[in-house]
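Notes follow once the structure below has been shown.
Every number here is computed from the coordinates shown, using simple stated rules; none is lab data. Predicted model only: the values in this text are computed from it and were never measured. Cβ placement follows ideal geometry from the backbone for every residue including glycine, while neighbour counts extend to all protein chains displayed.
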Amino acid sequence: MKRPNKVEPFLKEKAITHRSGMEIVGKALTTPENMDGDLLTLARSGHHEAFSQLYRERSDAIYRFALHMSGNPAVADEVLQETFLALIRDSGGFDPRRGSLASYIFGIARNRVRKYVALDREFTEPDQETPGDTDLLANLTRRETIDLVRQAVLNLPGVYREAVVLCELQELSYEDASEVLGCPIGTVRSRLHRGRAMLLAKLTAMKKSRVLV
Amino acid sequence: MTCEVIREQLIETARGRELSSDLRAIVFGHVVDCPQCAEQLELQQRLSAVFSEIALRCATPPKRIEDALLRQLPVPIRKKRPGVWEWTGAGAAAAALAIVFLWAQHHPGATPAAPVALSQSSGFVTLPFAEETSAEEQTDIVRVSLSGESLLAMGIPVSSDLLDQQIQADVEIGMDGTARAIRLAN
């Protein structure tokens, strides 16, 4: 019998690779389908690299979601931290058969945001619901326009604000947003359409008040 | 199509997503002759452009949050390993496989225990004479490349045409650094 071939480790680096392949280098190996769940399991067991991988992939989106929903960087900080703490401490919550990890994390963040932000405030619609003022978003500097729209988004009632933030500012598909919000795609679409109409009405009112000031 | 029907599609047309090209063509065909709908479409397009710009202005969380979270991760439970070696996962896999292979070489008369499937879904088979993995034990899985002959020597069925080829396999490593089970990667 020949001498045994030298067994060479296929994986040499310690970094965790992403989605493209099968491996979590040097520690665990998984399939792309199970990558999220396996990363989460590793992170919960104290694996720093697995946690960092999860965090790097998800934290920006969660932070921006919280920021767009609250308009407050301090709240966004808190929501982000609490969301990931809940993620690593809640050992039984995530079930890949019920949805993606991204939706699950957004769901946690959504609940945290509700702790800090009153989402059910009354929205007083201006008389003119669908303004025909095409100059509404013109004649303002880019910065002014963005500030105005951000402010108007913050004044939307919760369900419409969530739809606008997820579908427009986070650029999620209707399908992904429906998973996060736990409602049918048609509901997401109608909330978004309603939210946009409210925004235009609100922007008209805001612009008028700015002009008056 | 009436303005009422078209207006339902204006937002999706302005968003430029989740609308079929046929429907979009119908909307654009309508607004050519309908100034009211054209005005609404322009307004919605401007709003979408602002949304896109806000989405592009990427706020990022402060680094201190990740640092704080890392400090709160649980400390991994590790059994004390014999000796002073701190084997990395890959190194442990290589060494463990080599030991199993050498054992097989020096015990030509011994018949390895028949591999037992750990789980049909995972595809792992226990290595002959390996320690049993307890339910609580945390194991690592490491991919290695080794010859078909080596695999055969360990009791893994390999067809004769693969004996001299390098084959990738995943090895389950126990907390004591020994190989417990193996599966072919492909």
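I'd like the FRET efficiency for A:Arg98 and A:Arg56, computed as 1/(1 + (r/R0)^6) with the beta carbon distance as r and R0 of 25 Å, rounded to 0.05.
On the way: r = 24 Å, r/R0 = 0.97.
Taking R0 as 25 Å, the efficiency between A:Arg98 and A:Arg56 is 0.55.
I need to check one value: relative contact order of region A:136-212, counting alpha carbon pairs closer than 8 Å and at least 6 residues apart, in percent. Intermediate results must be reported in sequence, preceding the final value.
On the way: 51 pairs, mean separation 27.5, N = 77.
With pairs under 8 Å counted, the relative contact order is 36 percent.
Per-residue mean of other chain beta-carbon atoms within 10 angstrom of the beta-carbon, peptide B:40-52?
Partner Cβ neighbours, averaged per residue: 6.
Please state the equivalent ellipsoid semi-axes for region A:136-212: what are the square roots of 5 times the Cα gyration tensor eigenvalues, largest first, in whole Å?
Details: eigenvalues 137, 28, 15 Å².
Result for region A:136-212: semi-axes of 26, 12, 9 Å.
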field: Radius of gyration, Dmax [region B:1-70; alpha carbons; angstrom]
entry: 18.4, 60
statement: The exposure ranking of A:Arg110, B:Arg57, fewest beta-carbon neighbours within 10 Å first, is B:Arg57, A:Arg110
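Sort A:Leu85, B:Leu151, A:Leu200 so that the residue with the fewest other Cβ atoms within 10 Å of its own Cβ comes first and the one with the most comes last.
Values: A:Leu85 16, B:Leu151 20, A:Leu200 25.
Final ranking by Cβ density, sparse to dense: A:Leu85, B:Leu151, A:Leu200.
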message: Neighbour counts of other C-beta atoms within 10 Å: give me B:Arg180, A:Arg89 arranged from fewest to most.
response: A:Arg89, B:Arg180
